[in-house]
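Read the structure below first, then the notes.
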Amino acid sequence: MKKKEVFEFLSGQADFLSAASDAVWDNPETCFQEAKSSEILCRALEEAGFAVERDVAGIKTAFTGTFGHGHPVIGFLGEFDALSGLSQESGCAEKSPLVPGGNGHGCGHNLLGVGALAGAMGMKKYLEETGKEGTVIYFGTPAEEGGSGKTFMAREGCFDGLDCALSWHPGNFNGASSGSTLANCQVYYRYKGVSSHAALTPHLGRSALDAVELLNVGVQFLREHIVPEARIHYAITDTGGFAPNVVQPKAEVLYLMRAPTNVVLDDIYQRVTRIAQGAAMMTDTEVEVDFVKACSNTVPNDVLGQLLTDNLMEAEKPTYSDSEVEFIRKIAATTPDGEKAGLRRRITEIPDHRITPEERARLLARLDEPIHDFVMPFVPSNAVSPVSVDAGDVSWITPTAMCGTATWAAGTPAHSWQAVAVGKSELAHKNMLLAGQVLAGAAIDLIEKPELLAEAKAELERRLNGVTYQCPIPKGVQPRVISK
């Protein structure tokens, strides 16, 4: 069976895949609460002939779908969680919440989970038709947004038997990721003080809110003395009440810290914690340190990144109806100029040996179009992106790579109403299918050319340089919902 025939098979599954994606879009659920979404995907896996295991790693919304036997064992990473506060009408070119204050798929994970499923289905079809040895495992990984579902799964050994892992992400152009991402951890600092009347007996009170403010001031001074790539974010989640004439007996702040490596991150976390303890001493209050979650920096894999790019070049690109192009044009007109300027800068910075002058000019000329469905050349990089992804933990365990396809209008930022608005569109469906074809094609290449997999494994070993994976989430910490 040829790769092209697998692509054609997946094209024949377009209605099935689009229906599954739309069903997830219709049920936007957040961090570890994706009961309906996970079940939609589990049933789709079962209908496609996979053996499904639910409640994986002790997480109710984590699951796997498996087919085949022997090596290579290739994992497909699927996500399906939504974002709070991003409800938006489908097919509407202006901001219009479907449910005021409700959830929405502002990062396109309704597409991500099903596109990865398409990739797994393509590899399964190839194994069935050729009789070749190999195992495909679809991983349903919850709570990528703020929950680090993959990291909890990695801690329990879910990815240990893989030869490699493949994934993708919705975006506004076609290309494979390179470089690393920031490790992060999320921690509550919860203070307990003593209440009193702020006018009559302020001397009897011990303000937990003062402690939170002192912590924040201390961290503000710390920012000068950490590596420039690091980030420290916070949200005061409990001020203790609404009465200013009361010394607040409780207060809470949630910190999210990021750094280029787990080692650097742990140092920053320890320093912030010491500031938190110092604030408690200054205010004569007590502080509880409540570790929520963490994820590791990404170990890039250029072998797999180039392989995904090659398959992006090989797969046939979608065409669109005139009405779809007009809708996407209206969406593109609302997207930030900064996003488009960033892509222009990225194209101009591609090294000359990676792109011809003619190709660079062609890509730059297309930046004014509403759909950027061209393929960006793969450029190996050691740069560290300022974002964090829990797939980073998978990349420490097995060679891992991710690509993106143009499911969004040109210039669309992630976590935006524009991404939600196009989530059920022709553009989204067709480029989700393209992503599945690319993932399946890469898996087929790895089956047919085992030397590629050997090179990817050798690259991972070289990059790790003898360092073994240590999960950044302590053993006693359990997955949880973060919400008010």
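The values are calculated or read from the model by the stated rules, or taken from the named source; none is laboratory data. From a predicted model like this one, the values you see are computed outputs, not experimental measurements. Heads up, the Cβs are rebuilt from the backbone with ideal geometry, glycines too, and the neighbour counts pull from every protein chain shown. Side chains are part of the model used for accessible areas, which takes the heavy atoms of the whole protein and leaves out ligands, DNA and RNA. Shrake-Rupley method; radii C 1.70, N 1.55, O 1.52, S 1.80 Å.
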How far is helix 14-26 tilted off the main Cα axis of the chain, in degrees rounded to 10, range 0 to 90?
10
25 °C / 0.890 mPa s Stokes-Einstein diffusion coefficient of region 124-211, Kirkwood radius on C-alpha pairs, µm²/s
129
Where Rh denotes the Kirkwood radius from the mean inverse Cα pair distance, what is Rg over Rh for the chain?
1.00
Can you compute the radius of gyration and Dmax for region 371-432, using only the Cα atoms, both in Å?
14.1, 36
Pairs of Cα atoms farther than 17 Å apart, region 90-167, %
62
Can you pick out the pairs among LYS330/LYS424; LYS36/LYS424; LYS125/LYS424; LYS317/LYS424 whose Cα atoms lie more than 20 Å from each other?
LYS125/LYS424
Along principal axes, largest first, the alpha-carbon spread of region 1-128 in whole Å comes out as 48, 36, 20
Antiparallel bridges, percent of DSSP beta bridges restricted to region 1-153 (to nearest 5)
65
Could you pull out every one of the lysines with an alpha carbon less than 16 Å from that of LYS124, ignoring same-chain neighbours closer than 8 positions?
LYS2, LYS3, LYS4, LYS132
So how long is each side of region 405-459 along the principal axes, counting just the alpha-carbon atoms, biggest first, in Å?
43, 22, 14
Just from the alpha-carbon atoms, what are the Rg and Dmax of region 310-438 in angstroms?
15.5, 45
Computed D for region 189-337, Stokes-Einstein, Kirkwood radius over alpha-carbon pairs, 20 °C, 1.002 mPa s, to the nearest µm² per second, is 110
Length gain on complete extension for the stretch SER321 to THR348, per 0.36 nm per residue less the alpha carbon to alpha carbon distance?
6.6 nm
Centroid-to-centroid separation of region 387-415 and region 36-81 [C-alpha atoms, Å]
19
Determine the distance separating the Cα centre of region 262-314 from the Cα centre of region 427-452; give it in Å without decimals.
31
Expressed as a percent, the accessible surface of the chain that is carbon or sulfur, using a 1.4 Å probe and the full set of protein chains, is 53
Which distance in nm do the two modelled labels at GLU339 and GLN478 give, with both placed 7 Å along the Cα-to-Cβ direction?
3.9
By the mean-Cβ-within-10 Å protection proxy, highest first, 176-183, 460-467, 271-278, 334-341 rank as 176-183, 271-278, 334-341, 460-467
